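The values are calculated or read from the model by the stated rules, or taken from the named source; none is laboratory data. Treat the numbers as computed from the prediction; the structure is a model and nothing was measured. Quick reminder, even Gly has a Cβ in these numbers, built from the backbone with ideal geometry, and neighbours come from all protein chains shown. For accessibility, only protein heavy atoms count, side chains too; no ligands or nucleic acids. Shrake-Rupley method; radii C 1.70, N 1.55, O 1.52, S 1.80 Å.
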Amino acid sequence: MAKLQGFEFWRKTLKEARYVVAPMVDQSELAWRLLSRRHGAQLCYTPMLHAQVFVRDANYRRENLYSEVCEEDRPLITQFCANDPEVFLQAALLAQDYCDAIDLNLGCPQMIAKRGHYGVFLQDEWDLLEKMVSLANEKLKVPITCKIRVFKEVEKTVRYAQMLEKAGCQLLTVHGRTKDQKGAMTGIASWEHIKAVRQAVNIPVFANGNIQHLSDVERCIQETGVQGVMSAEGNLHNPALFEGRSPAVWEMAEEYLEVVKRYPPCTLSYVRAHLFKLWHHTLQIHQDLREELAKVKTLEGLADVSKQLRLRCQVQTGNILSNTLPFPHWICQPYVRPVPKETVTNGNIHASVLKKTVCQKRALEDCDGSADTLSKNKQKKRSRNPKKNFCPEQKPKYIKCEQCGNPKGNKCVFSLCRGCCKKKAYKEVADCPSNHLCVHKPHTHWRVEAVHAVVSTYCVHSC
Ligand SMILES: Cc1cc2nc3c(=O)[nH]c(=O)nc-3n(C[C@H](O)[C@H](O)[C@H](O)COP(=O)(O)O)c2cc1C
């Protein structure tokens, strides 16, 4: 049977999906996808998988795709990061029987993607992208799709989208933020860019960014003319977003835990991270249970903490509304990132407000891209000394190490200095004192990356 293309693919295979759950490392796993589908999501993406590892490691394939096969979990798009046409094709061939399309991640802005040379850092390599997409389009039996970030210039973004379309991309997700809009500088996504792309290409387009309520979905579709919208953080904090509901947190948490039990195995750290996000506002108040949630080592333990949070919410009388939240803290609601303390102009931190240590100057250059223009020698020198490449968004600070008392804490962003932190070898996300994904956690993507790239010192998600 001929492969469906573009709008026909969207209509027939994706059943005109409008409500889409984003690819999310460690978070768009099978159980979460099933929960989201029960509450209105019409299409889901797997977390980003590393093409190279997928090709060479049968366990990785089994753990991340083959063991997650489930009839109810369709339509499904498998996402890869890759930077080699052949490797991408081989990975996609091994995945295509388990999903409805293969997506190429061209949007990841994290430093790890920069070092691994994938995601948004391929944004300027149009010849390479053209080869990757056209080869996949030619050889795969399922369509190839791409997820991109925008350039500052609308016109360049449009040419970029047209290039991908011409290469054979059958559906495009446009995240309306630039490469630099990440971490504390995430800010608002530009629907203007998305609208311009929608008007310029003849394939379906999904809009990504600024989706926290069902009303945002309708407004986005109206303003941009896209076929569907994709949500990541909005969905993590309210999996019933696409139903236009804001349920009690425990309703979602308990249903999620039930799905996790029905479809094992689900990595404990994923479950814990989901509970942390769902209970985010309540945990600000019940700090003791925050610690408990971080410590427990079993699914039953996590369920028990969630139940205790529910009981506390249900008996609570006073102090139910915080000054800043639209709903009581136990209602699923958008999480709005705190505004950075530093003044931000045009997406760049005002350099004057940062202490200009050598590390921070380097980090700034790294984040605003000016490091790319450094001489080859300088770049080489820097990559040999990765410890100095701190990301300013993570605000590396000198803090007293809780364990050894070192007043400078080895510039560690966590509350233990790197030396102590290493010794402790955190096993789970939440074991890490700041609840970040600690680099010392045996985390698949970090382990994988460590083979190719220098392990850096800040968390996976907020950079
Ligand atoms: C926890 C988390 C993990 C993510 N992992 C991926 C990923 O694997 N692949 C990808 O293309 N984008 C990933 N993203 C980015 C989202 O897909 C999305 O583009 C971004 O969060 C903007 O959407 P939002 O404004 O709805 O959050 C991730 C985002 C979050 C919050």
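Selection of region 216-250 for residues being free of Cβ contacts under 8 Å to residues at least 24 places away in the same chain and more than 15 Å from the ligand (Cβ to nearest atom) yields E218, Q222. If you check L309, L283, L275, L293 for being without any contact (Cβ under 8 Å) to a residue 60 or more places away in the chain, among the hydrophobic types (A, V, I, L, M, F, W, C), crowded, with 20+ Cβ neighbours inside 10 Å and over 15 Å from A31 (Cα atoms), only one passes: L283.
Screening I221, I211 for residues that are modelled with pLDDT under 95 and aliphatic (A, V, I, L, M) leaves exactly one candidate, I211. In this entry, K261 is excluded by the filter for residues that are at pLDDT below 95, more than 16 Å from the ligand (Cβ to nearest atom) and not assigned by TED's automatic domain parsing to the domain that holds T173. Residues that are modelled with pLDDT of 95 or more, open to solvent by 20 Å² or more (accessible area, probe 1.4 Å) and out of contact with any Asp or Glu (no Cβ under 9 Å at 6 or more places or on another chain) within region 1-18 comprise L4, Q5, F7, E8, R11, K12, K15, E16, R18, listed in sequence order. Within region 145-161, is even one residue touching a His at 6+ places or on another chain (Cβ under 6 Å), closer than 18 Å to A22 by Cβ and in the same structural domain as F54 (by TED's automatic domain parsing)? Yes, the conditions are met somewhere in region 145-161. Residue count for region 185-215 satisfying the condition of being within 14 Å of the ligand (Cβ to nearest atom) and small (G, A, S): 5.
Please find, among C108, C70, C81, the residue that is within 14 Å of the ligand (Cβ to nearest atom) and open to solvent by 10 Å² or more (accessible area, probe 1.4 Å). So the residue among C108, C70, C81 that is within 14 Å of the ligand (Cβ to nearest atom) and open to solvent by 10 Å² or more (accessible area, probe 1.4 Å) is C108.
Within region 148-159, identify whether any single residue is of a type outside the set (K, R), touching an Asp or Glu at 6+ places or on another chain (Cβ under 6 Å) and within 13 Å of the ligand (Cβ to nearest atom), and answer yes or no. No.
When L43, L30 are checked against the criterion of being buried (at least 21 other Cβ atoms within 10 Å of the Cβ), over 16 Å from the mean Cα position of the chain (by Cα), over 22 Å from M132 (Cα atoms) and at pLDDT 95 or above, L43 stands alone in meeting it. Checking A184, A196 one by one, the residue that is at pLDDT below 95 and open to solvent by 10 Å² or more (accessible area, probe 1.4 Å) is A184 and no other.
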